[in-house]
Structures are given as structure tokens and as C-alpha cells.
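Engineer: What follows is a single structure, and I will ask about it in a moment.
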Amino acid sequence: MALKTGEQYEESIRNMKFKIYLMGEKIDNWVDHPIIRPSLNSVKKTYELAHKPEYEDLMTATSHLTGEKVNRFTHLHQSTDDLMKKVKMQRLLGQQTASCFQRCVGMDAINSVDSTTYEMDQKLGTNYHERFINFLKMVQKEDLTVDGAMTDVKGDRSLPPHKQADPDMYVHVVEKNDKGIVVRGAKAHQTGAINSHWILAMPTISMGKEDADYALSFVCPADEEGIFYIYGRQSCDTRKLEGGTIDVGNYNYGGQEALMVFDNVFIPWENVFMCGEYEFAGMLVERFAGYHRQSYGGCKVGVGDVLIGAAALAADYNGAAKASHIKDKLIEMTHLNETLFSCGIACSAQGHKTASGTYLIDLLLANVCKQNITRFPYEICRLAEDIAGGMMVTLASEKDFKNPEIGKVLEKYLKGVENISSEDRARIMRLVENLTLGTAAVGYRTESMHGAGSPQAQRIMIARQGNLDEKKKMAKDIAGIKK
Ligand code: SF4
Ligand code: FE
């Protein structure tokens, strides 16, 4: 089977044996739970669109390993064209889900582990790359969703992993034998783990010799014995328990974040891709972060498209659309959004081939892309809130709209232009609220700040990649300074 259908994907997640805690309770039906379900629908969309002829070019690729057609989320980029198609695919999915569709972390993880294990084997004589390729062939064949797991909980940020008072602040090896290793620790805010089949764990920072036990990369089934999840809350999440379609803003789709705990999990050697090679931890982190910073030039832009559309509709619905300042705000939002897309495309177009044959983005431009993402979506949100007006945060509930007496009052007094119902006006207000303040704000607004690394992480990379010495030399040459 090369491409799973959406239904087959849903069934495969239903058959997992996850251990999940949500609001203090253990959850048995993670597929149909109203708080989780929208996040599954978003990942399911990555399967559904791959079967649509009009999206085939973006959503699928030909595996260079098997020659088979595979979902692009399981593909290793073989050209700059592949890198650009990845970004366009993410924009498409952002437009169709208005949320985080989660599957990119695995795609970015496989691409970074591929080139890193290849170069590690070349230098150290290890055989991690072959193990990784065997894993990837299975992923492609079964069209699996992989959760790339990087962010450790980190404890005291001023101390390296081996100096932490509690050794579990970074995922680490606690036992080694001839069959494999046992790992312990936790990964924070893991995107889409409970909608994934496998976890691909990676180290979270560059490491020194004394941190060798923490220089660790491996795969395991997402429901492996010893792994459990504590589901992360999202703003306004309990509205999903009310059963309506208006107040949630986006009732079909959503994102998902959870704390992933490894409580002495056994990993056989064939699933280990780094174990103690601390000098390659930094390379893996840098490449994964680079790919995921590129990703935001696609997904956030797609969600931004929906937010711009929602703001424009809010103006249409209250009769303000022709005001010149409204038009100008929509132009500004578009300008900002397309600038982000330009960054995603630029770091892809300027990508290059690594030793394994897999293409890597231009790291400087990918970091510039993400640095802009930490700012522009906030301005886009500000302008959307400006255009939407105060009603997006003072609006009565869906139950009031459905109430036979109160509903009539709301229909009368919340009317904007003549041919638009007050309920439709409410739907757009709630969508703006969802994207700027509600559950989707996790995946759009705040994730723009911290996802794929907080702003300072990009500034460090920009400083490292910016080549200031070369720029000084240019200035000296022009100014006629000899030394
Ligand atoms: Fe994909 Fe964007 Fe979600 Fe990251 S934040 S997993 S790039 S949709
Ligand atoms: Fe993310």
C-alpha cells in the first residue's frame, strides 16, 4: 500500500494503544474525543488531499528509494523544486484546515536525520544511515505519520544536560545492552504525537563530551510500552465540548500539543540512529530547526490567507468594506503574508544537495524566514482584530442564537448589511477570534513566536551564518582601506 486513504489513516490511529491523560482523566477513545477530534481531522487532510488529482503534484512525490509514489510528507527532498513544493503543499493545507496539520515535524525530522546519519557514518564508521533508510522505507510503504520529537523540558536553562539536578530533564540513555537501550525523560509541546504512528526523537541542543548520554536519536511506535502523554490545553478548548459549530470558530480542524513522557522505554538497536555521538547533535538540531523554520513560510501563510479572508468578510458583513483604511489594512496584511511566503520559497530555491543526496534549505534564509514569522502574524492578527471590531470578543453564545426568544433579538440587533444573517456574521467573528485568541492561536499566533525555536535561537543562527567578516572586507575595499 503506498497511499493510505483518510479512512484507513483514521482506522490505523483508532487501533493504536495510546496512554493519554486529558484534564486529569485517562482517555480511551482519542479518535472521537471532541477536544482531540479536530486535530485528527487536520492530519487526515494530508491523506485525503494526496488522492485528489488536482493536488497530486504538491501532495505526492516519487520515492528515490523505491520508485513508488509516496505522500510528500514521507519524502526526502531530491531537488530545490521538491523543497519549494513542500512549502506550497504546506500553504495549501494551512488554507484548507486553518490550523496546524502536524505532519510536517516528521517530514522535517526524516530529512534532517537522513543527511546527518549519512555524514556521521562517513566520519565515524557507524552504520546508522542504513538503519534509518530501512525505517524510512517502511514509513513510505505504509504511508505513516511520524512525530519528530526534539524539544526537551530542559530544567535549569543555565546548566547543560549532565549538570541538571534531575538527570531526566533531557531524554537520555539509562541502560545499554546487546539488544538495545532504555531511555527516560520527556519531550515538551509535541505536535500531533497522538495522531502519529511513530516517534522520531532527536537531541534538542548541541552537546559536549560529558553530555554523550543525551546525544540520542531513535524511533519507536508512538504507543510503545512506557510512553504516555499529557494533553496540552488550548485557549477556549472546552467550547469544543458544547457540541455547537459557531462558538468554536473552526469546528472541523485544529492542532494538538502534548507532553510526551518516556518512562524507561526499550529501543532495539536497529531503531537507534545516534547514541553518544555528541559532536553530531548540533548538526541534527540545526538542520531540523532549519527545515521547520522553512515550513512556517508555508503553513503560517496558508492560515494567514484564511485570516485575511475572514477579516475581509467581517468588513463586507458590516458594510465597512469600501472604507479606504479597511482596504489599506487588507493590503498590508497581504503584503506581510506574501513576504513570509517569499522567505519560505527563497530558502528553498537557494537550497543545496548534502552528501546523502537529500536537499537542505539555505539555513540563513530559513532563519530569516522564521524570524519574520515571530513578528508578522502578530501584526496580521492586530489588523484582523482592528477590522473585525469589538464584537469578536463580546458576542453572545451560540445557545443564545438558538434560543427561540433571545435568538430573534440577536438576529435583529446584530444585523450588519441587509443580505447577511447575523448568524453568518457571528461565524466570521468567531473564526477571527479562533485564529487570534482561541484554539488555533496556538498554531498561528503563539506558535509563530516559539514553534521551530524562539526568536533568539534564530538570531544566533543569523549571527553565525551572516558572514560579517566578508561584509567588513567589502566595506574596506570600497573605502580604500588596505588592512
Ligand atoms: Fe506543520 Fe506548521 Fe504545524 Fe509545524 S506548525 S507541524 S510546520 S502545520
Ligand atoms: Fe510547529
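The values are calculated or read from the model by the stated rules, or taken from the named source; none is laboratory data. Since the model is a prediction, treat every value here as computed from it, not as a measurement. In this analysis, Cβ positions are derived from the backbone assuming ideal geometry, glycine residues included, and neighbour counts consider all displayed protein chains. Note: areas computed on protein heavy atoms with side chains; ligands, DNA, RNA excluded. Shrake-Rupley method; radii C 1.70, N 1.55, O 1.52, S 1.80 Å.
Engineer: In straight Cα distance, which lysines are under 21 Å from Lys412, not counting same-chain residues fewer than 8 positions off?
Structural biologist: In chain and number order, the partners are Lys399, Lys402.
Engineer: With every protein chain present, what is the per residue accessible area of the chain (1.4 Å probe, Å²)?
Structural biologist: Result: 42 Å² of accessible area for each residue.
Engineer: For Thr66 paired with Asp32, estimate the spin-label separation in nm (one decimal), with each label point 7 Å from Cα along the Cα-to-Cβ line.
Structural biologist: Going from the Thr66 label point to the Asp32 one covers 3.2 nm.
Engineer: Also: Between Arg233 and Gln350, what is 0.36 nm times their sequence separation minus the Cα-Cα distance? Round to one decimal in nm.
Structural biologist: Length gained, Arg233 through Gln350: 38.3 nm.
Engineer: Can you bin the stretch 250-401 into rounded, prolate or oblate? Criterion: square roots of the alpha carbon gyration tensor eigenvalues sorted a ≥ b ≥ c, rounded for a/c under 1.5, prolate for a/b above b/c, oblate for the rest.
Structural biologist: oblate
Engineer: Take the Cα pairs of the stretch 1-108, get the Kirkwood Rh, then feed it into Stokes-Einstein at 37 °C and 0.692 mPa s and tell me D in µm²/s.
Structural biologist: Diffusion coefficient, whole number: 219 µm²/s.
Engineer: If a cysteine in the chain has no other Cys Cβ under 4.7 Å from its own Cβ, put it on the list, ordered by number.
Structural biologist: Singleton cysteines: Cys100, Cys104, Cys220, Cys236, Cys275, Cys299, Cys347, Cys381.
Engineer: Let me ask another. At a threshold of 8 angstrom on Cα-Cα distance, excluding pairs fewer than six apart, so keeping six or more, what relative contact order does the chain reach in percent?
Structural biologist: 18
Engineer: Okay, moving on. Once the other residues with Cβ under 15 Å from the Cβ of Val70 are scored (Lys, Arg +1; Asp, Glu -1), what is the net sum?
Structural biologist: Details: positive: Lys4, Lys69, Arg72, Lys85, Lys86, Arg103, Lys137, Lys141; negative: Glu56, Asp57, Glu68, Asp82, Asp114, Glu142, Asp143.
My count for the surroundings of Val70 gives +1.
Engineer: Can you tell me, using C-alpha contacts under 8 Å and at least 6 residues apart, the relative contact order of the stretch 293-464 as a whole percent?
Structural biologist: Averaging sequence separation for qualifying contacts and normalising by length gives 30 percent for the stretch 293-464.
Engineer: Two decimals, Cα atoms only, Kirkwood Rh: what is Rg/Rh over the chain?
Structural biologist: For the chain, the value is 1.00.
Engineer: Which links in Lys52/Lys88; Lys4/Lys69; Lys86/Lys300; Lys17/Lys300; Lys52/Lys240; Lys52/Lys141 stretch past 21 Å when you go from one Cα to the other?
Structural biologist: Exceeds cut-off: Lys17/Lys300; Lys52/Lys240.
Engineer: Ok, one more. Write out the trypsin sites (Lys or Arg not before Pro) in the stretch 13-73 meeting two conditions: DSSP loop, and at most 11 other Cβ atoms within 10 Å of their Cβ.
Structural biologist: In loop regions of the stretch 13-73 (DSSP not H, G, I, E or B), the sparsely surrounded trypsin sites (Lys or Arg not before Pro) are Lys17.
Engineer: Now a separate question. How much length would be gained if the chain were fully extended between Asp400 and Lys52, taking 0.36 nm per residue of separation minus their Cα-Cα distance, in nm to one decimal? Don't jump to the answer; show the numbers that get you there.
Structural biologist: Numbers: separation 348, 0.36 × 348 = 125.28 nm, distance 3.96 nm.
Separation in residues times 0.36 nm, less the Cα-Cα distance, equals 121.3 nm.
Engineer: Just to confirm my numbers, what's the Cα centroid distance between the stretch 205-238 and the stretch 243-319 in Å?
Structural biologist: 15
Engineer: Leu435 accessible area, nearest 10 Å², 1.4 Å probe?
Structural biologist: Rounded to the nearest 10, that gives 0 Å².
Engineer: Also, quick follow-up: Stretched out fully, how many nm does the piece from Ile462 to Tyr413 gain, at 0.36 nm a residue minus the Cα gap? Please report the intermediate quantities before stating the final value.
Structural biologist: Numbers: separation 49, 0.36 × 49 = 17.64 nm, distance 5.24 nm.
Going from the current span to full extension adds 12.4 nm.
Engineer: Roughly speaking, to the nearest percent, how much of the chain's 1.4 Å accessible area is carbon and sulfur?
Structural biologist: On the chain, the fraction of accessible area on carbon and sulfur atoms equals 52 percent.
Engineer: Quick check: net charge around Asp247, other residues with Cβ under 13 Å of its Cβ, Lys/Arg +1 and Asp/Glu -1?
Structural biologist: Around Asp247, the charge tally is 0.
Engineer: Report, in degrees rounded to the nearest 10, the 0 to 90 angle that the Cα long axis of helix 422-436 makes with the longest principal axis of the chain.
Structural biologist: 30
Engineer: Treating the angle as unsigned and between 0 and 90°, give the value, to the nearest 10°, between the Cα long axis of helix 281-318 and the longest Cα principal axis of the chain.
Structural biologist: Relative to the chain, helix 281-318 is tipped by roughly 10 degrees.
Engineer: Also: Kindly express, to the nearest 10 degrees and within the range 0 to 90, the angle between helix 128-142's C-alpha long axis and the longest C-alpha principal axis of the chain.
Structural biologist: 40
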